[in-house]
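Inspection log for the structure reproduced underneath, given as structure tokens.
The values are calculated or read from the model by the stated rules, or taken from the named source; none is laboratory data. Note that this is a predicted model, so its numbers are computed, not measured. Glycine also receives a Cβ, built like all others from the backbone with ideal geometry; neighbour counts cover every protein chain displayed. These accessible areas exclude ligands, DNA and RNA; they are computed on the full protein's heavy atoms, side chains included. Shrake-Rupley method; radii C 1.70, N 1.55, O 1.52, S 1.80 Å.
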Amino acid sequence: MSKRVGIEVSLGVSEAVKLCNADVVAAYPITPQTHIVEHLSELVANGELDAEFVPVESEHSAMSVCCGSSATGARTYTATSSQGLALMSEIVYIASSMRLPIVMTVADRSLSGPISIWNDHTDAMSIRDCGWIQYFVENGQEAFDAHIMAFKIAEDHRVILPVMVHLDGFILTHMIEPIEFLSQEEVNSFLPEFKPALALNPDKPVTMGPVGVPEIYTEVKKAQEVALKNSKSVILEVWKEFGDKFGRYFNPVETYKIDDAEIALLTMGSFGEPAMLAVDELRKEGEKAGLIKLRLWRPFPIEEFLEATNNLKGLAVVDRAITYGTTGGPVAIEIRNVLYEKKDSIIINDFIAGLAGRDVRINQFKQMYYETKEAVKNGKANEYKFIGVRE
Amino acid sequence: MKWPIKNINEIKWQDLELGGAITEPGTSKYYKTGDWRSFRPEIDRSGCIKCYFCYVFCPEGAITIREDGFTEINYDYCKGCGICAKECKGKVIKMVEEEV
Amino acid sequence: MATIEKITAKKLPKEEILSYGHRACQGCGELLSVRLITKAIGPDMIIANATGCLEIVTSSFPDSAWRVPWIHVAFENAAAVASGVESAIKVLKRKGKLPKDRNITVLAFAGDGGTADIGLQALSGALERGHNFVYVCYDNEAYMNTGIQRSSSTPFGASTTTSPAGKKSIGQHTKKKNLPEIAVAHGIPYVATGCPAYPYDLMNKARKAAAIEGPAYLHVFSPCPTGWRTLSDDAIEIGRLAVKTGVFPLYEVENGKYKLNVKSRELIPVEEYLKTQGRFRHLKEEHIKIIQEEVNKNYELLLKKCECFG
């Protein structure tokens, strides 16, 4: 039976991984991911999780160990953050190309320099194009549930791709929240045993990761791209099955008070909650405000996003990373692209906010809203700006 | 996928194994390296003392030991490096220039 | 450890793990090393291969020279990928998903660049963690795959494309990094050097390395006709000279005990070795003297180790 416990979100994630009966966990410590892997090593040490915990000497090796173990047919998990993600990024790209269904938690944290241990999405955006399924969670319960679904999605033979679960460092990883735990029986009834589609086994030798000569590289990439695009239907199916079974639903694009909204804020990850409060206040002020929380980042949920933005006149994108020297943050650049057909009917304003744990207050979310409203009135988007920067 | 691949330029992305893996072992046997050779080793078995140096030292694995204990060169793959001739204990392997 | 059957000319394993049709240069010492090592261990293995010559010439799609499961991920991580494979085998056996009595050897292959330079950290980590695997460094003393650039395993005096000999340089001006000793420093159960010019020594070491529980490190001197500027039939002769001059002594360290495997009453002058290769052609007498002194010093030190820790 499910039970509700008050627990640090990181530990909740570890417990979810334990319930998924991961075979191999390879990890290198980095703030703010540490509590996740500490607790996993403890679960292994206590015999509560029968897994190999590989305490590697770097994140690069963490992802490399994961590739080796996943390719051998073991359910494989790791977690990292920031510089760790950057260091392993070479292998992150290869894991998806080799179609290895690894699950990784990223406790999102800003990239150096300057060095910062605090939360934003500069690490996540640095590996935007790595070919993994990537989604963001907003609270402890979602973090717990997300991992159980992640293994099921990754290992589905219609998918066979690695899955990255993003949760905001500190803001989420270090919070103590009530989480409704699933029992082992419940998880077992949802998540089947891992059956690799292709594995290293002397009984059936296979050559994995051969040279992609020019005559074949394009075809390998096309197959990978199609796999990621097609994964969306399985993601939705798994999320629905989870919801039907346990009563908690995930949607690729979560919305709040969007139906009659004219202008909406757009957030990813833990900024969803303060943004909701801002929307509530705006509503009290008589504004037709709404909120879009983008959960599924890759594959990008194009149809669902278009639907959510159908009636909007303006969108205030809260970007938690920078794309230097161009037209704004990575999320806004993408959103403009997706909404290109609607460019005459939606004004998109981009706000770089909440870098390295910088607080974004409810008033500031409201400010983004009102600036976007003004832009809608003027019929012209503003240039992207940094929120709260002193100048 | 079915090996051998007759023409790599005819493989569609749908044909590929997961991650572009090669699921048949040892498909390099379909790639014959014998035409790299400009000199061919020839064994004079009358003087062969079956030291097997040619077999052991062949970087291609293109030399086999026959049932009668003599060695044999697979010219489909022998690149003609000449190690077998140079290392042969009985000096019974000669490198002969290939005719063009 | 089970008793290991010795490989001799009369007891040669027939099965070839590495198929012909690979695209290595004519007379490649590295492919010969790999052929002999895999042959000695047999087909129950999984290989993790670093980027490099071996990976390129054996896995050009759609032609794989491998008759055993083989994985290539990247350049610097063969030891880490092998760690993952080994960890998976361990846990899958424990959980009954692989037969418990199945003895699958996990083998990592990397060149000297992938071992001494870019892969050193991953190797050190894997050796320290104690994975049950065999790491083979096929040492051809430079980055041959990318075009003969120097590595930290390139010997003093060798001319490479990034340590070229010139008016103001004798070529590589640093000493060759001593990888086997770095492996020994990890306190692992088995470290050995090998050379395909001594095929039975090499094959038996590979067998022993595979049979020993825990990490084993094999450092294999692999002459490269292309990079060393020699003829295509020279690899064996040069390997033999490297051993007989003391440039590359064959020894093993089993649980801390040193043993010299090929003993010479007197070392051949190092010049005999150097003059076989174009990469040393520019060296003058005074440089050869420096190399000779260094070889003598290292050889003596090795003899002392064998004497004290034998």
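Report the residue count in region C:44-80 for those that are within 17 Å of A:VAL56 (Cβ to Cβ), of a type in the set (Asp, Glu) and either touching a Pro at 6+ places or on another chain (Cβ under 7 Å) or open to solvent by less than 10 Å² (accessible area, probe 1.4 Å) (or both).
So the count comes out to 0.
Would you be able to tell me the number of residues in region C:124-152 that are in contact with a Ser or Thr (Cβ under 9 Å, 6 or more places away or on another chain), open to solvent by less than 10 Å² (accessible area, probe 1.4 Å) and under 20 Å from A:PRO55 (Cα atoms)?
Residues meeting the conditions: 5.
Can A:ALA264 be described as surrounded by 23 or more Cβ atoms within 10 Å (Cβ to Cβ) and in a helix (DSSP H, G or I)?
So A:ALA264 does not fit the description; no.
Restricting attention to region A:1-55, which residues are of a type in the set (Gly, Ala, Ser), at negative phi and open to solvent by 10 Å² or more (accessible area, probe 1.4 Å)?
Those that are of a type in the set (Gly, Ala, Ser), at negative phi and open to solvent by 10 Å² or more (accessible area, probe 1.4 Å): A:SER2, A:GLY6, A:SER41, A:ALA45.
Kindly indicate which of A:ILE117, A:ILE133, A:ILE127 is modelled with pLDDT of 95 or more, more than 18 Å from A:ARG248 (Cα to Cα), open to solvent by 10 Å² or more (accessible area, probe 1.4 Å) and among the β-branched types (Val, Ile, Thr).
A:ILE117
Which of the following residues is more than 8 Å from chain C (Cβ to nearest Cβ), free of Cβ contacts under 8 Å to residues at least 60 places away in the same chain and in contact with an Asp or Glu (Cβ under 7 Å, 6 or more places away or on another chain): B:GLY69, B:GLY19, B:GLY34?
B:GLY34
Here are A:LYS204, A:LYS152: which of them is of a type in the set (Lys, Arg) and open to solvent by 50 Å² or more (accessible area, probe 1.4 Å)?
Numbers: A:LYS152 fails: open to solvent by 50 Å² or more (accessible area, probe 1.4 Å).
Residue meeting the stated conditions: A:LYS204.
Would you confirm, using the coordinates I've provided, whether A:GLU241 is in contact with a helix residue (DSSP H, G or I) (Cβ under 8 Å, 6 or more places away or on another chain) and touching a residue at least 40 places away in the same chain (Cβ under 8 Å)?
Taking the combined requirement at face value, the residue satisfies it.
Is it true that some residue in region C:91-107 is among the acidic types (Asp, Glu) and closer than 20 Å to C:ALA209 by Cβ?
No, region C:91-107 has no match at all.
Can you tell me which of C:ALA216, C:ALA192, C:ALA211, C:ALA197 is touching a residue at least 12 places away in the same chain (Cβ under 8 Å) and within 20 Å of C:GLY278 (Cα to Cα)? I'd like the intermediate steps shown before the answer.
Values: C:ALA216 fails: within 20 Å of C:GLY278 (Cα to Cα); C:ALA192 fails: within 20 Å of C:GLY278 (Cα to Cα); C:ALA211 fails: within 20 Å of C:GLY278 (Cα to Cα).
Answer to the selection: C:ALA197.
Give the residues of region C:30-39 that are touching a helix residue (DSSP H, G or I) at 6+ places or on another chain (Cβ under 9 Å) and either more than 11 Å from C:PRO223 (Cβ to Cβ) or within 7 Å of another protein chain (Cβ to nearest Cβ) (or both), sorted by residue number.
C:LEU31, C:LEU32, C:VAL34, C:LEU36, C:ILE37, C:THR38, C:LYS39
Quick grid of which residues meet (1) touching a residue at least 24 places away in the same chain (Cβ under 8 Å); (2) open to solvent by less than 40 Å² (accessible area, probe 1.4 Å); (3) not in a helix (DSSP H, G or I):
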{"site": "A:GLU341", "(1), (2), (3)": "no, no, no"}
{"site": "A:ASP344", "(1), (2), (3)": "no, no, yes"}
{"site": "A:ASP350", "(1), (2), (3)": "yes, yes, yes"}
{"site": "A:VAL360", "(1), (2), (3)": "yes, yes, yes"}
{"site": "A:GLN367", "(1), (2), (3)": "no, no, no"}
{"site": "A:TYR370", "(1), (2), (3)": "no, no, no"}
{"site": "A:ALA375", "(1), (2), (3)": "yes, yes, no"}
{"site": "A:LYS380", "(1), (2), (3)": "yes, no, yes"}
{"site": "A:ARG390", "(1), (2), (3)": "no, no, yes"}
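When the residues of region C:291-308 are filtered to those that are among the aliphatic types (A, V, I, L, M) and surrounded by 14 or more Cβ atoms within 10 Å (Cβ to Cβ), which remaining residue is nearest to C:THR160 (Cα to Cα)?
Filtering region C:291-308 for residues that are among the aliphatic types (A, V, I, L, M) and surrounded by 14 or more Cβ atoms within 10 Å (Cβ to Cβ), the one nearest to C:THR160 (Cα to Cα) comes out as C:ILE291.
Here is a yes/no grid of residues against (1) in a loop (DSSP other than H, G, I, E, B); (2) more than 10 Å from chain A (Cβ to nearest Cβ):
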position	(1), (2)
C:ASP63	yes, no
C:ALA82	no, no
C:VAL85	no, no
C:ALA126	no, no
C:VAL136	no, yes
C:GLU141	yes, yes
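Restricting to region C:65-78, name every residue that is more than 8 Å from chain A (Cβ to nearest Cβ) and either over 17 Å from the mean Cα position of the chain (by Cα) or within 10 Å of B:ILE22 (Cβ to Cβ) (or both).
C:ALA65
What do you reckon, is A:ALA143 open to solvent by 10 Å² or more (accessible area, probe 1.4 Å) and assigned by TED's automatic domain parsing to the domain that holds A:ASP123?
No.
Could you tell me whether region A:295-305 includes any residue that is in the same structural domain as A:ALA278 (by TED's automatic domain parsing), open to solvent by 40 Å² or more (accessible area, probe 1.4 Å) and under 23 Å from A:GLU273 (Cβ atoms)?
The answer is yes; a qualifying residue exists.
Looking at region A:166-225, which of its residues are out of contact with any Pro (no Cβ under 9 Å at 6 or more places or on another chain), part of a helix (DSSP H, G or I), within 14 Å of chain C (Cβ to nearest Cβ) and of a type in the set (A, V, I, L, M, F, W, C)?
Of everything in region A:166-225, those that are out of contact with any Pro (no Cβ under 9 Å at 6 or more places or on another chain), part of a helix (DSSP H, G or I), within 14 Å of chain C (Cβ to nearest Cβ) and of a type in the set (A, V, I, L, M, F, W, C) turn out to be A:VAL220, A:ALA223.
Among the listed residues A:ALA107, A:ALA71, A:ALA95, identify the single one that is away from chain C (no Cβ under 13 Å) and aliphatic (A, V, I, L, M).
Going through A:ALA107, A:ALA71, A:ALA95 in turn, the sole match is A:ALA107.
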